[in-house]
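Note sheet for the following structure.
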There are 2 protein chains.
Amino acid sequence: MAKQNKLFSPLKTTRSFEQVSANIKKLIFDGVLKPGDKLPPEIELSHQFGVSRQTIREALRILELSGFITVQKGGSGGPLIQNTILHTIHALFLDAFQMEKISNQELISARRDIEKVVLARVVEKADETDFDRLRDNIHRAKNKIENNLLATDENIQFHNLLAEAAKNHVYVIVMGSIMAVERELMSRHSPEEDASTSSFQYTEGILKSRHAQEYHEGILNALVERDLPRAIQLMDAHLQEVEERVQLFLK
Amino acid sequence: MAKQNKLFSPLKTTRSFEQVSANIKKLIFDGVLKPGDKLPPEIELSHQFGVSRQTIREALRILELSGFITVQKGGSGGPLIQNTILHTIHALFLDAFQMEKISNQELISARRDIEKVVLARVVEKADETDFDRLRDNIHRAKNKIENNLLATDENIQFHNLLAEAAKNHVYVIVMGSIMAVERELMSRHSPEEDASTSSFQYTEGILKSRHAQEYHEGILNALVERDLPRAIQLMDAHLQEVEERVQLFLK
DNA sequence: TCACATTTGTCCGTATGTATC
DNA sequence: AGATACATACGGACAAATGTG
């Protein structure tokens, strides 16, 4: 038992398209190919690698889904080196959530913990540029709310900006993944301001948006003053409210 | 600017293979297809969806890389519904690390924070079953070391077991991702016990294994006694040593 | 042990849609 | 607007691997 402790999947037979994708991946890792560079078209690639176009296409699918390239149709199109790996991870995390590998309770609980850790790092490392970004975020949220619009995107983005201000890509990835799930949960239960949404529900949503935005403002002020305990206290209260809102969705 | 705040990629034109993969994915989400179920062979799928086999294959590549299916060749083979999404996320996190989106400093720093949070949850939620697993892990590590073998796998696994004992899949994913990177770093600089490894280096490695194992033992004892401060203190010292070892690798 | 059926892996050729110049 | 370049998609074919009788 426990023979899979070596690596992820060395047992797979090496298929041609896997070799091709691994090959191109290595060129990207080694810096030979950089974001912005264009890969040769499929036919050219098939000639250079000495495989068929179908094999090339399957290799491109892998690279595309792994977040290494994008593909554009039409003249002067083709495979383009582009780093979209963060999007890919977020999407996969969302998949894991939807596969019920993660419960709502788990998510909110972990989020509480992680947000606190992030706040601590922000107090330690954030500079004026970070604070300016957060201020701008709050400003845009305020504008939307005053115009009777939901500020869901901005309110989610606030937490991602916090993770960035913590100056650690791990937190950016983790927080981004968590917030991707939150965004999905929101969009499920308040799908735009369309006709099906009742006026009451919508006003309710605006109110929640405002509450969140006000908490964000308080948190930012505490962070600027490097007052970690207050920031944490406000974040706790904020997440408490968010949690109650999500619970309402799910019942 | 900032037009991508809606979703990940709504701008993509819907390609056939994407519709196919999305279709199958939905069946899995909805529970119509469950792990263990077999999908029809490619030709059958191409008939049912009314597309070519090439299109089906590209859809299967997506599902495979997303962690929803595995594919086996030969008689009574074919696409099999299987949840390997955790492996997929770990692999992607490793990619992100290798793309230099994450520095070693960032990784170890985030790991310090997260391990502490995990310890707190373990003290709160772990039961005897979890402790038994951890004890078994330490036992196996000890055995290996006494037989003059590296216990790298076991020592990495210890931290994953901690995350599981915290009873939160988010931590399992995050810790698993972090440890996947650690494993990669290790394997890069102590590739098996082959001839190229000098006797001195190897003995050195065994010593490190033993140190780690001893720390793990101490941490487990503290956890069993629900002594969080001591567990954290030992974890800090342990990670300090690990960090220094990694620094040696990278210089 | 050995043939056989099944299914993926890979190839080629061709046609179509689409974006760019 | 037309020509070009490219991805997308189709169909048919053979090779290779794998389980089954």
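None of the figures in this text is laboratory data; all of them are computed from the coordinates on show. Computed from a prediction, not measured in an experiment: that's the story for all the values here. Please note: Cβ atoms are built from the backbone with ideal geometry, for glycine as well, and neighbour counts cover all protein chains shown.
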If you add up the charges near residue A:240, with Lys and Arg at +1 and Asp and Glu at -1, over every other residue whose beta carbon is less than 15 angstrom from its beta carbon, what do you get? -3
FRET E, pair residue A:236, residue A:189, Förster distance 22 Å, beta-carbon r, rounded to 0.05: 0.40
Relative contact order for the range A:32-80: what is it in percent, counting Cα pairs under 8 Å that are at least 6 residues apart? 41
Return the aspartates and glutamates within reach of residue A:144: Cα separation strictly under 18 angstrom, same-chain partners fewer than 8 residues apart disregarded; answer none if there are no such residues. A:136, A:153, A:154, A:192, A:193, A:194, A:204, A:214, A:217
Going by alpha carbons, how many degrees (0 to 90, nearest 10) lie between the helix axis of B:228-250 and the longest principal axis of chain B? 80
Compute log10 of I(q)/I(0) for the range A:121-250 with the Debye formula, placing one identical point scatterer on every Cα and leaving out solvent, at q = 0.10, 0.16 Å⁻¹, to two decimals. -0.32, -0.81
Tilt, helix B:104-125 to longest principal axis of chain B (alpha-carbon atoms), in degrees rounded to tens, equals 80
What is the pair-distance distribution P(r) of the range B:16-83, computed from all Cα-Cα distances in 5 Å bins starting at 0, with each bin given as a whole percent? 4, 19, 31, 30, 15, 2
Express the relative contact order of the range A:141-241 as a whole percentage, based on alpha carbon pairs under 8 Å and six or more residues apart in sequence. 27
Mean residue ellipticity at 222 nm from the helices of the protein assembly as shown, using -39,500 (n - 2.57) per DSSP H segment of n ≥ 4 over the full residue count, to the nearest 500 deg cm²/dmol? -23500 deg cm²/dmol
If the elastic network links every pair of Cα atoms under 10 Å, which of B:221, B:104, B:143 fluctuates the most in the Gaussian network model of chain B? B:143
Quote to one decimal, in nm, the extra length available between residue A:72 and residue A:129 on full extension: 0.36 nm per residue of separation minus the C-alpha distance between them. 17.0 nm
Proximal aspartates and glutamates relative to residue A:26, as straight alpha-carbon distance under 20 Å, when same-chain residues fewer than 8 apart are discounted: A:18, A:37, A:42, A:44, A:58, A:64, B:95, B:100, B:182, B:184
Please give the peptides A:22-31, B:69-78 ranked by average Cβ packing (other Cβ atoms within 10 Å per residue), highest first, as a rough proxy for protection. A:22-31, B:69-78
Quick one: net charge of residue B:122's neighbours, Cβ under 9 Å, K/R +1, D/E -1? +1
Considering only the other residues whose Cβ falls under 12 Å of the Cβ of residue B:167, what net charge follows from Lys and Arg at +1 and Asp and Glu at -1? -3
Report the relative contact order of chain A, percent, no decimals, based on alpha-carbon pairs under 8 angstrom and at least 6 residues apart. 16
In degrees from 0 to 90, rounded to the nearest 10, what is the angle of the helix A:152-165 Cα long axis to the longest principal axis of chain A? 70
May I ask for the longest run of chain A untouched by GluC sites (Glu not before Pro) that are loop-located per DSSP and have at most 16 neighbouring C-beta atoms (other than their own) within 10 Å? A:1-99
Length gained if residue A:149 through residue A:98 is fully extended, taking 0.36 nm per residue and subtracting the Cα-Cα distance, is 15.5 nm
Diffusion coefficient, µm² s⁻¹, Stokes-Einstein with Kirkwood Rh over alpha-carbon pairs of the protein assembly as shown at 37 °C and 0.692 mPa s: 132
Dipole of the range B:41-171, Cα-centred, from +1 at each Lys and Arg C-beta and -1 at each Asp and Glu C-beta, to the nearest 20 debye? 120
If you stretched the chain out fully between residue A:202 and residue A:244, how much longer would it get, using 0.36 nm times the residue separation minus the C-alpha to C-alpha distance? 13.4 nm
Residue A:19/residue B:140 FRET efficiency (R0 51 Å; Cβ-Cβ; nearest 0.05): 0.90
